[in-house]
Each structure stands twice: as structure tokens, then as C-alpha cells.
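Participant: Please find one structure pasted underneath; my questions will follow.
Computed from the coordinates by the stated procedures, all read-outs in this text should not be read as laboratory data. Just so we're clear, the structure is a prediction, and the values are computed from it rather than from any experiment. Cβ coordinates were reconstructed from backbone atoms using ideal geometry, including for glycine residues, and neighbour counts include every protein chain displayed.
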Ligand SMILES: [Zn+2]
């Protein structure tokens with residue numbers, strides 16, 4: 001019998017940093033390529049054959065053959081059973097363990113099926129939005145994307161689409177695909193007001209799919225098409241598959257690059273991300289205008305040891321993010337230090353001059369190109385279009 005909902009275990013594993021967990025138990029690790037190496041705590045040895053892979057979340061010893069995920073490590077190291085290891089880990093990383101009283105096997109199975117159904121509904125919706133973007137009704141949305149300087153390739157990479165003004169377009173498609181109405185309401189793709197029939201939540205909006213870092217689409221952001229259309233950005237509500245504070249926009253695309261350079265550039269919105277990506281800044285993530293949460297800091301810390309902010313000083317979204325960069329977030333993210341394994345955030349957030357300097361530093365640091373590179377980030381707001389095509393990103397860092 002499963003004691004915990006499968007989704008919770010997935011969540012827990014994605015938020016727990018296995019390198020940190022191992023190090024906290026006194027195992028000395030040194031970085032070696034993409035892995036961490038040390039003396040195996042499970043058998044006596046003089047040369048390190050114990051490896052921990054932070055990004056992929058597992059450990060393995062080539063000496064004694066022991067290995068597994070972060071929960072397995074705690075089970076073996078602390079000599080506790082699986083449920084206890086899960087509770088310890090959840091406690092360490094600030095996740096609430098779901099009540100086990102009602103997590104009978106049937107409920108687990110049902111919750112798992114519901115999550116799968118929600119994920120599939122989002123896939124279908126994303127495909128439908130992309131389709132609509134190519135229709136005559138999508139012309140204004142295509143123009144909006146072009147006005148932001150995005151190329152067809154970038155538009156495809158971020159999966160942008162269009163939700164037409166109709167009330168039942170997506171609903172009709174999803175019902176035809178066999179999704180139950182109740183599930184669709186829970187997905188947030190449909191809304192029901194008062195006694196009325198459920199209708200599409202997103203109408204007449206430019207649609208941006210929001211992915212989990214593994215690539216699954218879990219939500220949407222919809223930008224208004226008309227002046228005065230409120231709200232300007234309409235997002236999916238939180239659902240069993242989407243917790244806003246645990247998601248960083250763009251990470252599914254940029255995590256490889258971030259892992260390589262150990263350093264992320266944080267921008268504000270979807271389109272800042274898209275413009276950065278197109279300009280060859282492949283290690284960006286977007287906060288989507290909210291405060292950086294401890295869970296987001298932990299998520300980022302799996303890939304980066306340093307975060308550089310690249311915000312428009314005049315932007316409305318700056319303030320909450322600035323507030324979030326306080327001691328709380330850093331402490332919760334385990335990153336008080338700038339060093340290895342911590343999310344280090346540059347000081348002086350909130351000061352315009354400092355921010356200019358940060359953006360300057362951030363990209364220069366990443367690109368190691370003195371002249372044109374800094375302008376990539378500095379000019380994100382001002383310039384239309386790709387300043388540089390990809391390619392620069394492939395060069396990585398000089399050390
Ligand atoms: Zn071993």
C-alpha cells in the first residue's frame with residue numbers, strides 16, 4: 001500500500017537537494033565534472049568511488065554497488081524505513097506531508113489518475129492554442145509576438161499560442177477528447193460563474209504554456225490582446241499539478257545551460273525570457289513577476305550556484321522580487337553563502353545603479369565577451385529582436 005501520494009514523492013524529490021542531504025550527513029564531497037565524488041559512507045575505502053548526481057537526484061558507489069535516490073540514501077544512512085525517510089526529508093525541505101489517514105491505495109490511484117488527466121488536458125490545450133495561432137483569428141496575436149521581436153523559431157520553442165474570443169472553443173475540443181467536465185473545471189482551463197455553463201477561462205489572449213522543469217505543461221499564462229482588457233495577465237489557478245510558488249518559467253529550456261555555467265540569470269516575465277533565449281542567453285529563468293519563494297530558490301539551487309538578476313528598474317514587478325531576496329529566502333534555500341551549493345544573490349537589490357551593474361556583470365560573467373555581451377541584457381527591454389543568434393551560448397564559460 002502506498003503511504004504517500006505519488007505526486008508528493010515526486011515533489012519531494014524534486015525539491016530536496018541530494019548533494020546537500022549527503023553533505024549534511026558529514027560525507028565530504030568534491031565536484032568532479034557533473035557529479036560530486038567522495039569516500040563511500042557505506043563501505044570502507046581510501047579512494048573515492050562514491051558519486052552523487054545533484055541534477056539527476058541519485059547517488060551510486062562503484063565500490064560496493066549501493067545506489068538510489070535521495071530517499072534511499074536517507075533510508076540507508078540513517079537506517080530508517082521509507083516513510084520515516086520521507087518525513088525527515090519533507091521536514092528538512094519544508095514540505096507538508098499529506099495526511100496519510102485518507103491515502104488509501106484507491107485514493108492514491110485516483111489522485112494519480114487525476115494528475116495524469118490534468119497533464120494530458122494541458123497538452124491538448126497547448127496544441128489547440130498553437131493551432132489557433134495559425135488561423136486568421138490569430139493574426140493579431142502573431143503580430144503581438146512579432147512586435148516583441150520574436151522569431152518563428154522562438155515562438156515555437158516557447159510554444160506560444162492563441163485563445164480566441166469564443167467561450168467554448170477549447171471546451172468543445174477537450175470534451176471531444178473525452179475529458180470529464182469536472183476534471184476540466186479542476187484543471188482551471190474552464191471556469192463556471194454562478195449557475196451558468198462552464199466556459200473557457202482564457203478568451204482572446206496570447207497564450208504561453210508554463211512547464212515544469214521536466215517539460216510537462218502544468219499551467220498557462222494568458223496576455224490580454226486589447227488595451228483595457230483586464231487583467232493584463234491572466235494565469236491558471238493553482239491545481240493538483242501546478243503550484244505557482246514552486247515553478248520557474250523557462251527552466252525546462254534553460255536547465256541544461258544553467259547546469260553547465262552554474263549560474264542563472266533571472267528575468268521578470270515570459271517575454272523577457274523569450275527575448276533573452278533568442279538573444280543566446282540560454283541560462284535565464286523568469287520569476288513571472290512574483291516574489292521568489294523559498295521553493296523556487298531550492299529548485300534553482302539544483303542547477304545553479306549563483307543567480308544574477310536582470311530586471312527593469314522601472315518595472316512594476318521589481319518590488320516583490322526585491323523583497324523576496326531577503327534573508328528568509330536565502331536561508332530557506334540554504335544559500336547564505338555565495339560558494340558552492342548555495343544560491344548566491346548579488347547585494348544591493350533595489351538600487352538602480354547597482355542593478356545596472358548587476359546586469360552588466362551577469363551577462364559579461366556568463367558570456368566572457370567584453371564588448372557586445374553586456375548589451376544583450378541591458379538592452380532586453382529596449383531592443384526588438386534577437387541581437388545575437390544562438391551559438392555564443394554553446395561556448396560556455398572559460399573556466
Ligand atoms: Zn560503497
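Participant: Seen from all sides and averaged, what is the projected area of the convex hull of the Cα atoms in the range 6-92, in nm²? Write out the running numbers ahead of the final one.
Facilitator: Working: hull surface 21.5 nm².
Convex hull of Cα atoms, orientation-averaged projection: 5.4 nm².
Participant: Please find the FRET efficiency linking residue 191 to residue 134, where r is the Cβ-Cβ separation and R0 is fixed at 22 Å, and quote it to the nearest 0.05. Before the final figure, lay out each step's value.
Facilitator: Details: r = 26 Å, r/R0 = 1.16.
In this case the efficiency is close to 0.30.
Participant: If you don't mind, another one. For the range 20-84 and the range 227-276, what is the separation of their C-alpha centers, rounded to whole Å?
Facilitator: A separation of 32 Å, based on Cα centres.
Participant: Another question, if that's okay. In nm, what is the difference between 0.36 nm times the number of residues separating residue 78 and residue 96 and their Cα-Cα distance? Intermediate values should be presented prior to the final figure.
Facilitator: On the way: separation 18, 0.36 × 18 = 6.48 nm, distance 2.07 nm.
Residue separation times 0.36 nm, minus the Cα-Cα distance, leaves 4.4 nm.
Participant: Same structure, new question: Take peptides 292-300, 278-286 and line them up by average Cβ neighbours within 10 Å, highest first, as a rough protection proxy. Before the final figure, lay out each step's value.
Facilitator: Values: 292-300: 23.6, 278-286: 26.2.
By packing density, highest mean first, the sequence is 278-286, 292-300.
Participant: Give the peptides 247-255, 61-69 in descending order of average Cβ contacts within 10 Å, highest first.
Facilitator: Values: 247-255: 24.4, 61-69: 15.6.
Going from most to least packed, we get 247-255, 61-69.
Participant: Right, something else. Any idea what log10 I(q)/I(0) is at q = 0.09, 0.18, 0.19, 0.20 Å⁻¹ for the range 114-242, Debye with uniform C-alpha scatterers and no solvent?
Facilitator: Relative scattering, expressed as log10 I(q)/I(0), comes to -0.23, -0.95, -1.06, -1.17.
Participant: Further question on the same structure: If contacts are Cα pairs under 8 angstrom and at least 6 residues apart, what is the relative contact order of the range 6-92 in percent? Don't jump to the answer; show the numbers that get you there.
Facilitator: On the way: 117 pairs, mean separation 19.7, N = 87.
Relative CO of the range 6-92 lands at 23 percent.
Participant: In Å, what Kirkwood hydrodynamic radius results for the range 50-99 from the alpha-carbon pair distances?
Facilitator: Working: mean 1/r = 0.0864 Å⁻¹.
Answer for the range 50-99: a Kirkwood hydrodynamic radius of 11.6 Å.
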